[in-house]
Each structure stands twice: as structure tokens, then as C-alpha cells.
Ligand code: ADP
Ligand code: ZN
Ligand code: ZN
């Protein structure tokens, strides 16, 4: 009989943060999944490679109840990834490991798992006749060929490369080629390709399948994302774990997929904030991808037209004293084919009457485009009709009773909805405060723009006498399953003239007919308190611009255009955008960040707390700070706690405290030593309802 360490799902500091010891008559290997008793429950456990306590009497230990012996153990690299993730993001090993495994494994008996495995083993449909996509992938452009050559170089094999390529420069094609190389080179090799949100880019999944299924067989590609059913997720996980799936295409959670023969990792749109998990273990899948590549000695390709400033900095070339960054920077500045990048222009809205939704010249320009058979996209990152409903007589506004926010006026279904706590109610007939019947609104949302454009275009018809068609795509219009796909296919089929929407439509889509993009009202982000707001805005605008003019334009057609309505046309961000100059923009932002001592020149962590009373949240943070200051090294700064900008959400008062260091290692070391004091402090502040620590936070 042996004693084994087993990880069970337990949050840090529940007393059983590490592994627990169990006995078993069988020789269990590290990485095996088992079922063990925990209290009165029977739970999933992971056999862990760490020393068991030798003094323990085996008689006092509980036995492992069952082992999933048909499943190969998770390999050492996977266990190391989990261990690193737990340590770096301040979680327990057990919690991290369980978050990394498909949820359905927790409830499956060994027999049920065997049945699953048997099903996976039955042959699927035979490979179809390969389509043109697989047989004749396009010949690489000179830029693509150069990048591919650089990626094939022996010195690049175990490095991280930043592929900085304009929208439409053919980055995806580079990923596919690189994957083909790697997968054909080793008969078992597997590749992981990550995307921010799979639902928004069904095209990519199709493209990957069309390319690889004829080469490697049906079932060679599996998807992994949170919208899948638990059964689908488990099947995909098993297929990857058993090496049957050669390609894993997934969102951030796929970084933890078990991929025993991993040879390549691709992170598309690496700058996208959705790679950061926002609850539980707040990991960054992009950063873990870089770590995993390093761990397994495989190449990692980070791709973006607007890289995160962190990755841009990490890929800086050597200069003078500076030896340069660790990543290899590869650039593809030109678009594929003849299509030029669109012209970017600003419209000075200070010249227009207040409340103007669209400058008249833009409406005319839209109509001209549409009459030429092109499509127009109108972007506004705000759903609903208007962000605030208000009384014209008194000072009543549609404040949410539970949040530091206004309830948004949705005219379509006549509701006032809080986008933070979800509170929804009927629009009042009269002012709840003074009874006035005349209610007005402030600001604009996608519903309003859609209505305005529908009416404006209803005054006329297409040259061929069809009525114009204006469509809106946002989280409200796509709430029903399948509606997003249906609406997108309408756009692709050319049934839509003008498409109005939120950032949902700005990213990733390959709209071939889009000749013009209008950014309705981006100014809010210029004044945001969040130091990352300009970076995000630049990304959004460049992505939106990337939707325009993707196909080669007919002879004589005017160039594709992006119009930005703003009251700050002279802002340097717009100047850089007009030049399509990400490097210039990044340079200026990095200088600002360096002067202000912000990431990537410093490393940050946030301690956040919630309570019914703000003072309770602040008191906890204050005490935590005092405890931290006692042990803090001199390279650590603990800032005084402050209420969050959105102080109240769903009746929880929220505060936070920033911890900073110029050295990542010093910050990590401090957090590790602070951890015990933090948990002790927490037990003395019982009125704190929730708290969390966020490493490398994306919003402050
Ligand atoms: P990105 O990912 O950089 O936005 P894509 O890889 O989606 O760019 O390429 C943009 C378009 O150009 C796609 O329609 C793609 O099929 C096409 N394309 C990419 N590479 C080539 C090439 N070498 N020859 C012809 N067309 C290409
Ligand atoms: Zn009133
Ligand atoms: Zn609310």
C-alpha cells in the first residue's frame, strides 16, 4: 500500500490549499485522475507529484476510491503549467487544476468515462473530398513568405514571435501555413490556436476545418469555448488529451487543454482583453501561452494589428545599451492583394448643432456608397436607445438604485435596464419624482442610430428601386441562439446596406463589400480615467477600419474610407490613426507610460474588496496595507485604498488598492509573503463580502 498526494478542489486558505494524502493499493502515477473522499463527499482528485508526509500513519488516511485507469495521466508539463498558474495568480494548486479540467469530469464515474472513450474510438465519417481551400492554399505573398521563413529558422523554434500585421495582411494564412508545416513534420504533433471569442468568428473555424480535415481527417480539429455543452467540452478535451485532435481551436480556457504532443501555439489578436479571465483565478491566457511555450520548448506566435503595449515592448529591437526584448518581432505592413488601407478622416462635430447624430455630409456619403453597391458600417459602443432617461421638468434621472450608474433606456422593448446589475423595469409613463409626462433622454445608443438611419434611408430607394436595408447587430439583437449567425450571413450575402452595431461587428469579420466605416461617437474613451483607454480605443478604431475595403476595389472606385465623428479632431490618437501608424502611437504611449511609471515599465497587482458599506471595504484594505507595509521590501509600493470609479454595483460598495513594483519577481515575492497576513486580516473583517487579488489587472 502506498501513500499519494492528491489535489482536490479547494480555494486557497481553506486549510487544505495544497495536496491531501490518501492511500491506495495500486501504483498511482502523478497526473492520474482519481476519485477520493473529502469530508462526506466523493470528489475528483489529481495525483500530484509532491512529497507525502512520512510521519503519517497510513491507517489514519482515507483510501483513494477509484482511479481513471483508462485515461493516460496528465503529463508533467501540464502539471507544471497549473502549478505556475496557481503560484503566479495567487490561487491554490487544487483550485487551479480543477478550473483547468472540463467540468463534466467531476461528475463522471469510471464506467461512464469508459463509455465515452469507446464512443470516441468508433470511426467517424470518412474524410470528404478536399475542397479548394485545402488543395490549393494561396501562394504566400512576399511578406508572408519572409515571415514564414523567419518562423522556420532553427533559432525561432522555441521562441515567442510577435506577428505585427495590418488587418487583412494575411496573418491567418501565416498561422495556417505554419501549422501545416509543424503538423506534417511530426506524425503526432498538435497545435493550439487561440482566439478571443469564437462566436464572433465562425469563419475562422470553418477555414481551419476546410484546410486541415482533408489533410488529417475529420475530427482533427476540436473547438473549446464556454458556450459548448459540458458533454461537448469533455469530448473535445478527451480528443486533445488522447492526441486524436491535432488542432485545438479555443478561447482563453483552452490554454489549459491537455495537449501531450504540443508543438505550436498561436494567439490571434493577442492584445484582446478577453484573454484575461475576470473572476476566480484571474489568469491571462496570452501570458500563460508564452509561459507554456517556454516550458514545452515550442514556438508561440502572438498575432495582432495593434499589439498590446506589453508585447510591443517585449519585442523591441536592441538599441544602444538596451539588449532588446525577448520576443522576435515580425511585420507584415501591407494588405493582401491590391486593397489599400482605408483613408481615415475626422469630422469636427463642434461645427454641428448639439445632439447631431450624423453630420449631413456623412449621410450623403453613406448613400453614395450604398448606391454603388457597397456596404457601410456604423459603429457605436453603446447599446439601447440612450444611456440616460430624464425628466425635462425636475432633475430626475434613470439612476439605478443598486449601482453607481444610470439605467439605460431601451425603446424597443420599453425598458430601463441597468447594464451592471441587470435590473430591468418598464419605462415609466411619467416622471417618478414630479409626475411630469414629458420625459427626455440624453446621449445615444445603437437603437437610436438604427432608427435614425432607417428613417433617413426610407425617404429614397436604391437606383434599382429596392428599398434600402439597415440592420443592427448588438448583444440585444443577438440574444437568441443562432440569431448572430443569421444576421451575419445576411451581411455577407449583401442583403444589408447599412450595418449598425457595437464592437461585436468591429472585430475579425471578413466583410468583403464594406466600403465605409463610420465611428459615431468615440470621444468618451479619450477622457477615461483608465490609462489603458487610449490603447483600447486605438485598437477598436483600427479594427473597425480593418473591416473596410478588404476586397480589391474596382477600377475607378473611390478608396474605402473611415469617418470618425469627434469633438477632438486634433487629438494625437486620431493623427496616428490617419497615418495607420501603430508604431508611432505605441511609441508615444510607451513614453507616457515610462514617465508615469506604468506598465510595462512597472508590474501591478490590485487588491479588491466589496462590502455593504464602503467603510468596511476600505477598513479591510487599510488593515491589509498596514500588514503589508511591515514586511514590504523597498521596491514595493502599496498605494492607499480608494473607492472604485464605479463604486457601487448591485448594492456592493467596492474599493481597491494598488500594489506596484518595477520588478516582477519582487512583486511576486511580496505577494507570496503577504498572503498569510492577508487571509488573517480577512478573518477579522467579517463584513467584507468578497475580495480578490488581481495580478496584472487590465482595468484600474
Ligand atoms: P488577417 O488575418 O491578417 O486579417 P487574413 O489571413 O484573413 O488576414 O487574409 C485576408 C484575406 O486575404 C483573406 O480573404 C485571405 O483568404 C486572403 N489571403 C491571405 N493570404 C493570401 C495570399 N497569399 N494570396 C491570396 N489571398 C490571400
Ligand atoms: Zn420630474
Ligand atoms: Zn444596477
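Just so you know, all these numbers are worked out from the coordinates, no wet-lab data involved. Values in this document were obtained by computation on a predicted structure and should not be read as measured data. Don't worry about glycine lacking a Cβ; one is built from the backbone with ideal geometry, like all the others, and counts go over all protein chains shown.
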Handout entry: Gap separating the Cα centres of the stretch 643-687 and the stretch 597-624, nearest whole Å
Key = 4
Completion exercise
For the stretch 1-115, averaging the sequence separation of alpha carbon pairs under 8 Å that lie six or more residues apart and dividing by its residue count, the contact order in percent is 31
Exercise for the section: Using just the helices of the chain, give the 222 nm mean residue ellipticity in deg cm²/dmol: DSSP H runs with n ≥ 4 each add -39,500 (n - 2.57), and the total is spread over all residues, rounded to 500. Expected result: -9500 deg cm²/dmol
Fill in the blank from the handout: In nm, the gap between the two label points placed 7 Å beyond Cα toward Cβ at residue 675 and residue 658 is 2.6
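Going by the alpha-carbon gyration tensor, a ≥ b ≥ c the square roots of its eigenvalues, is the stretch 247-378 rounded (a/c under 1.5) or, if a/c is not under 1.5, prolate (a/b greater than b/c) versus oblate? Before the final figure, lay out the partial values.
Numbers: a/c = 2.25, a/b = 1.98, b/c = 1.14.
Prolate.
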Exercise for the section: Evaluate the relative contact order of the stretch 544-700 (contact order divided by residue number), counting alpha-carbon pairs under 8 angstrom at least 6 apart; express in whole percent. Expected result: 27
Completion exercise
Tilt, helix 171-185 to longest principal axis of the chain (alpha-carbon atoms), in degrees rounded to tens, equals 30
Practice task
Put one equal scatterer on each alpha carbon of the chain, apply the Debye formula with no solvent term, and list log10 I(q)/I(0) at q = 0.05, 0.06, 0.07, 0.10 1/Å to two decimals.
Solution key: -0.28, -0.40, -0.55, -1.14
Exercise for the section: Report the calculated FRET efficiency for residue 3 and residue 84 (r = Cβ-Cβ distance, R0 = 22 Å), to the nearest 0.05. Expected result: 0.30
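For the chain, calculate the relative contact order in percent as a whole number, restricting contacts to Cα pairs under 8 Å that are 6 or more residues apart.
11
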Exercise for the section: Using only the Cα atoms of the stretch 552-618, build the gyration tensor, take square roots of its eigenvalues as a ≥ b ≥ c, and label the shape rounded, prolate or oblate: rounded if a/c is under 1.5, else prolate if a/b is larger than b/c, else oblate. Expected result: prolate
Completion exercise
Rounded to the nearest 0.05, FRET efficiency between residue 27 and residue 483 (Cβ-Cβ, R0 51 Å) equals 0.45
Exercise for the section: Using only Cα atoms, tell me the angle between helix 76-88 and the longest principal axis of the chain; keep it within 0 to 90° and round to the nearest 10. Expected result: 70
Problem - the stretch 68-120-the stretch 366-414 distance, computed between alpha-carbon centres (Å) - result: 45
Practice task
First measure r as the distance between the Cβ atoms of residue 149 and residue 112, then evaluate 1/(1 + (r/R0)^6) with R0 = 60 Å and state the FRET efficiency to the nearest 0.05.
Solution key: 0.80
Problem - Contour excess over end-to-end distance, with Cα ends at residue 651 and residue 158 and 0.36 nm allotted per residue - result: 172.6 nm
Practice task
Report the label-to-label distance for residue 633 and residue 461 in nanometres (one decimal), using points 7 Å from each Cα along the Cα→Cβ vector.
Solution key: 7.5
Completion exercise
Distance in Å, no decimals, from the C-alpha centre of the stretch 464-543 to the one of the stretch 289-333 is 30
Exercise for the section: Would you mind checking the tilt of helix 110-121 against the longest principal axis of the Cα atoms of the chain, expressed as 0 to 90 degrees and rounded to 10? Expected result: 60
Problem - Kirkwood Rh and Cα Rg combined as Rg over Rh, evaluated for the stretch 582-660 - result: 1.10
